[in-house]
Structure formats: structure tokens, C-alpha cells
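Colleague: Let me begin by handing over the structure; questions about it come next.
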Amino acid sequence: MFDSGEKMNRDSDNPFDIHNGRAMISLGSWKPNAHCPYSCLFCYVPGGFLQYSSLQINDICTYLLGRKNEFEIIYISGDTDSFAPPRLEDGLNLLKLLATEFEKDILITTRIAMDIDIVKQLKEISNILSAKNKKLFVCISISSPDGDRRIEPLPIPPVNSRIDTLSLLRENGLYSILAMRPFLPIYNSNDYMGLISSVAPSVDLVLGEVWYHDPDKVMWTKLTGNPLIYKGMSSKTKMRFNASDKEWEVWNDPEMEKIISDYCESLSIPFFMESSPAIKYLRAQDKLRQIISQSSSEHA
């Protein structure tokens, strides 16, 4: 895997990212020389991402309690898959502790395939949050719509297994979100629309994302085999969900995003390129359902 050689370390006072009303946390690096059990070809972490600290679950909770007035939602995401085996139990324990200790929405992102036992645990955690009028949002990431093992290598579960997970989540009353993140220049709108059509009955929402890669285009060349720019746009900017001052190359294709957005609209599936407005949308829809339900009860 590409490694920029930049080891971005955090201090004990700043183990995670807390800004813009959200706390972004994780279990931290899986091993000293491997940040994650998965090794996605497009991953930005080896390119100089300011990784989160590796803390014990209780210490994560203690830190967040000290800053609980600074955020309204907790993201378990960012620099590693905190639910990927062999850390699945740790990830679930962290999630349950946060749901118990905080009155905050929680969003998790993972590439794992879930069986009914895992989904039932998530449902129990969701119930804890619901009792506080808070929500659990579950994002299942699929970045290679064709299942290319070069892009998402083993042990990442196959695409079909993750699609089945989205179905299982929704069947059990959980928010089911397809995270097609990031959009990659080796795929086109037809590739992504094919994936969306296969999950359409099983998701509440679809998320896209721009692709952050290193300015020297080492990651770009590794992914595409060609240092030249594909269709789309490239610019340099700081990463909006990381505290580092590092500038990243950013690839996006506004035309493709518009085609995908229109396709999702034709299927009555909300589509967003950022998670914050997506969560606001889901919360607003939930509030509307509550108002309609209350009104119906009063006139029954």
C-alpha cells in the first residue's frame, strides 16, 4: 500500500476531530504498521491523514464526555473500519457505551457484511438511542460497484454480501445507507447506477463523496495506471473532515454526480454528497412522520 512517509501524530489533548457540531472518532490503528484490517487501494490514510489516537473504549467515552457540549452527533468513521474483524466486538461495545452515555445521534460507517445476530445488536443499540429521541445511522460502504478485488481486496466482504446487509438493516427497522464513497475516476455513472438499482428497495439514502488523494498523484497512478487526468475535475484543498493543514488533490465529476442524483430522484431515493445535510434530511423526515402520526391519533 502507498505510504507518503508522513506520520501524522496526535497529542493526548486532541485524539479525535471535533468540529462543525460533530465528533469523529474510531478505535484507532489496528496495528502499529497497519491502520486498518482492510487495505482499500484508494484509501487516503497512508497519504498523510492525521490519524486518530488508539484509546481504550472507556477512555474514548471519558474524552467525549469532557467535550459533550461541542457536538450533536458522533461519527465512528474516518481513519479505520472500527467494526472490521477482528475488532467487531470492540466496535459494538464502543457503540453501545456511547449510546448509553450520550444523548447524541450516532453514525457508523463500515464495509463488513452483517448477519442477523449483529443486526439485532444494532437494533438494541438503536432502541437505546430512540428512547432519548436520538438515532443510529448505519452506512455500508461499497466503493467498487463491479466488485473489483484490486479496489477492495480481501478480506473485505463481496459486494453482494454488503447489499444483503443493507436489506437486513432495513428489514429490522434500522436506517440503511449506501455509502458509495468515494466516487472514483475509473468508474462512470452507469456503473454507479447499476449498483443503486440493485439496492433501491433496501436503502433509505445514498451517499457519494469526492476522492482525496496525494498531490504527487502516487495514489492516482496506482488506482488508474495513468497519471493523466480522467474526465472530471481536479483541485487542491484541505480535507473538510480532518484537522490537518495538509493540502490534498481532490477529484470529482459534477456531471456524473448530477446524473446519479437525477437517477436516485427517479427512484425516490435521497442522494447527498455530504453526510451532514443527509442526516438533517433524515431527522426532518422522522420529525414529519411523528407529526403526521400524532395528528392521526388525535383525529382517530
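Rule-based calculations on the coordinates, nothing more; no lab input. Keep in mind that this is a model prediction, so the values were computed, not measured. Note that each Cβ is placed from the backbone with ideal geometry, even for glycine, and that neighbours are counted across all protein chains shown.
Colleague: Let me have the 222 nm mean residue ellipticity of the chain computed from DSSP H runs of 4+ only, each contributing -39500 (n - 2.57), with the sum over all residues rounded to the nearest 500.
Modeller: -11000 deg cm²/dmol
Colleague: Under a cut-off of 28 Å between alpha-carbon atoms, report the lysines in cross-link reach of residue 104, not counting same-chain residues fewer than 8 places apart.
Modeller: Cross-link targets: 68, 96, 120, 123, 132, 134, 135, 238, 280, 287.
Colleague: Using only alpha-carbon positions, what ratio does the radius of gyration of the stretch 3-89 give when scaled by 2.2 N^0.38 Å?
Modeller: Normalised Rg, Cα atoms only: 1.08.
Colleague: Quick one: what are the phi-derived ³J(HN,Hα) couplings along the stretch 114-130, Karplus 6.51/-1.76/1.60 with θ = phi - 60°, whole Hz, x for glycine and proline?
Modeller: Result, rounded to whole Hz: 10, 9, 5, 5, 5, 4, 5, 5, 5, 5, 4, 5, 4, 5, 4, 5, 4.
Colleague: Moving on to the next point. Please arrange 197, 261, 82 by counting, for each residue, the other beta carbons lying within 10 Å of its beta carbon, fewest first.
Modeller: The order, fewest Cβ neighbours first, is 197, 261, 82.
Colleague: With a cap of 10 neighbouring Cβ atoms within 10 Å, and only residues DSSP puts in a loop, list the trypsin sites (Lys or Arg not before Pro) found in the stretch 177-266.
Modeller: Those satisfying the criteria are 231.
Colleague: How long, wide and thick is the stretch 208-257, going by the Cα atoms along their three principal axes, in whole angstroms, largest first?
Modeller: Extents along the principal axes: 29, 25, 15 Å.
Colleague: At a Förster radius of 35 Å, what calculated FRET efficiency corresponds to the Cβ-Cβ distance of residue 290 and residue 93, to the nearest 0.05? Please list the in-between numbers first.
Modeller: Numbers: r = 31 Å, r/R0 = 0.87.
So the FRET efficiency works out to roughly 0.70.
Colleague: Divide, for the stretch 61-219, the radius of gyration over alpha carbons by 2.2 N^0.38 Å, where N is the residue count.
Modeller: 1.08
Colleague: Rg to Rh for the chain: what is it, with Cα atoms only and Rh by Kirkwood?
Modeller: Computed over Cα atoms, the ratio is 0.95.
Colleague: Now a separate question. Based on alpha-carbon atoms only, what is the radius of gyration of the stretch 131-178 relative to the globular estimate 2.2 N^0.38 Å?
Modeller: Scaled against compact globular proteins, the figure is 1.36.
Colleague: If the only charges are +1 at each Lys and Arg Cβ and -1 at each Asp and Glu Cβ, what is the size of the charge dipole of the chain around the Cα centre, to the nearest 20 debye?
Modeller: 280 debye
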